[in-house]
Amino acid sequence: MSGFYLALEGVEGSGKSTVGRLIVDRLAELGIETRSVREPGGTELGEELRRLVLHSGDMAPWAEAALFAASRAQLATAVIAPALADGRWIVSDRSYYSSLAYQGGGRGLGVGAVRLLNETVLDGVLPDIVVVLDVEPEVGFARETERDRIGRGGLELQHLVARTYREIAASDPRVMLVDANATPEELAAQVLEACFERHGDV
Ligand code: TYD
């Protein structure tokens with residue numbers, strides 16, 4: 001069976017980490033070798049960049065976008081591409097679609113410009129499917145109390161991010177928007193079904 005790259009996306013507190021864990025467990029039961037990763041991070045360099053981008057002080061929006069892109073370029077080259085070549089599945093907590101929504105929409109850099117930056121640095125290592133867990137920002141934001149540098153952008157930023165995810169989903173065939181007001185178990189089953197369907201086409 002060939003490799004497959006699933007990315008889970010959503011605003012803060014959308015439940016993607018829980019759903020991701022359930023998916024990884026289910027894939028293991030099915031005997032599918034899976035590697036789970038998160039962005040930013042997942043490599044030595046990426047974890048250092050994560051600390052910088054989430055926990056340092058004032059940062060220009062393009063500096064922020066470039067640090068997220070640097071972390072993911074390293075992850076794609078060092079981890080994701082080799083795992084896919086080995087036929088493994090990747091389950092990723094976030095992807096470059098977070099940059100499209102947060103930096104492109106949230107920070108106002110423009111989805112097109114941020115997409116160009118990221119698709120350039122990723123050099124073809126792109127998710128096969130991107131699932132956005134769609135939840136009202138108020139609901140998600142209230143669930144998470146610890147605020148990193150991005151979280152401190154507040155509810156206003158989360159609204160822009162949620163709106164951008166929806167806009168992208170309306171025109172990008174890689175993206176599937178899922179109503180996240182179901183149980184994590186139901187969501188995991190729904191996402192896996194979509195993956196297997198798409199895997200047949202990859
Ligand atoms: P994280 O602790 O991983 O939170 P979450 O559980 O919400 O995924 O923090 C990642 C934060 O960085 C989150 O606020 C989203 C933001 N982010 C971006 O702004 N752009 C990006 O490209 C990525 C990957 C994350």
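Take Glu64 and decide whether it is in contact (Cβ under 8 Å) with a residue 40 or more places away in the chain, out of contact with any His (no Cβ under 7 Å at 6 or more places or on another chain) and in a helix (DSSP H, G or I).
yes
Can you report the number of residues in segment 133-147 which are over 16 Å from Asp179 (Cβ atoms) and in contact (Cβ under 8 Å) with a residue 40 or more places away in the chain?
Count: 4.
What number goes with the only condition from (1) touching a helix residue (DSSP H, G or I) at 6+ places or on another chain (Cβ under 9 Å); (2) open to solvent by less than 40 Å² (accessible area, probe 1.4 Å); (3) under 20 Å from Gly151 (Cβ atoms) that Ser56 does not pass?
Failing condition for Ser56: (1).
Return a yes/no flag: does segment 60-78 have any residue that is over 16 Å from the mean Cα position of the chain (by Cα), crowded, with 17+ Cβ neighbours inside 10 Å and within 21 Å of Ser14 (Cα to Cα).
No.
Here is a yes/no grid of residues against (1) in contact with a helix residue (DSSP H, G or I) (Cβ under 6 Å, 6 or more places away or on another chain); (2) under 26 Å from Leu27 (Cβ atoms); (3) among the aliphatic types (A, V, I, L, M); (4) open to solvent by less than 40 Å² (accessible area, probe 1.4 Å):
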{"position": "Gly104", "(1), (2), (3), (4)": "yes, no, no, yes"}
{"position": "Val121", "(1), (2), (3), (4)": "yes, no, yes, no"}
{"position": "Pro127", "(1), (2), (3), (4)": "no, yes, no, yes"}
{"position": "Gly154", "(1), (2), (3), (4)": "no, no, no, yes"}
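Name every residue in segment 175-200 that is in contact (Cβ under 8 Å) with a residue 40 or more places away in the chain, under 20 Å from Arg94 (Cβ atoms) and open to solvent by 60 Å² or more (accessible area, probe 1.4 Å), in order of residue number.
Selection gives Leu177, Asp179, Arg198.
Confirm whether Ser56 is more than 9 Å from the ligand (Cβ to nearest atom), closer than 20 Å to Glu197 by Cβ and among the polar types (S, T, N, Q).
No, not satisfied.
Quickly run through segment 1-44 and pick out the residues that are of a type in the set (S, T, N, Q), touching a residue at least 40 places away in the same chain (Cβ under 8 Å) and surrounded by fewer than 24 Cβ atoms within 10 Å (Cβ to Cβ).
Ser2, Ser17, Thr18, Thr34, Ser36
Test Val114 against the criterion of being within 14 Å of Phe68 (Cα to Cα) and at pLDDT 95 or above, and give yes or no.
yes
Pairs, please: C-beta under 6 Å, at least 6 apart or cross-chain, first residue in a helix (DSSP H, G or I) and in segment 82-96, second open to solvent by less than 50 Å² (accessible area, probe 1.4 Å) and more than 16 Å from the ligand (Cβ to nearest atom)?
Pairs found: Leu84/Gly3.
Hey, Glu146 hits all of (1) open to solvent by 20 Å² or more (accessible area, probe 1.4 Å); (2) more than 11 Å from the ligand (Cβ to nearest atom) but one; which does it fall short on?
The one condition Glu146 does not meet is (2).
Do you know which residues across segment 106-119 are open to solvent by 10 Å² or more (accessible area, probe 1.4 Å) and not hydrophobic (A, V, I, L, M, F, W, C)?
Scanning segment 106-119 gives Gly106, Arg107, Gly108, Gly110, Gly112, Arg115, Glu119.
Take Asp93 and decide whether it is among the acidic types (Asp, Glu), within 19 Å of Ile168 (Cα to Cα), open to solvent by 10 Å² or more (accessible area, probe 1.4 Å) and within 10 Å of the ligand (Cβ to nearest atom).
The answer is yes for Asp93.
Here is a list: Ser92, Ser14. Which entry is modelled with pLDDT under 95 and within 27 Å of Ala142 (Cα to Cα)? I'd like the intermediate steps shown before the answer.
Details: Ser92 fails: modelled with pLDDT under 95.
That would be Ser14, the only listed residue that is modelled with pLDDT under 95 and within 27 Å of Ala142 (Cα to Cα).
The values are calculated or read from the model by the stated rules, or taken from the named source; none is laboratory data. Fair warning: this is a prediction, and the values are worked out from it, not measured in the lab. FYI the Cβ positions are ideal-geometry reconstructions off the backbone, even for glycines, and counts take in every protein chain you see. Accessible surface areas use protein heavy atoms only, side chains included; no ligands, DNA or RNA. Shrake-Rupley method; radii C 1.70, N 1.55, O 1.52, S 1.80 Å.
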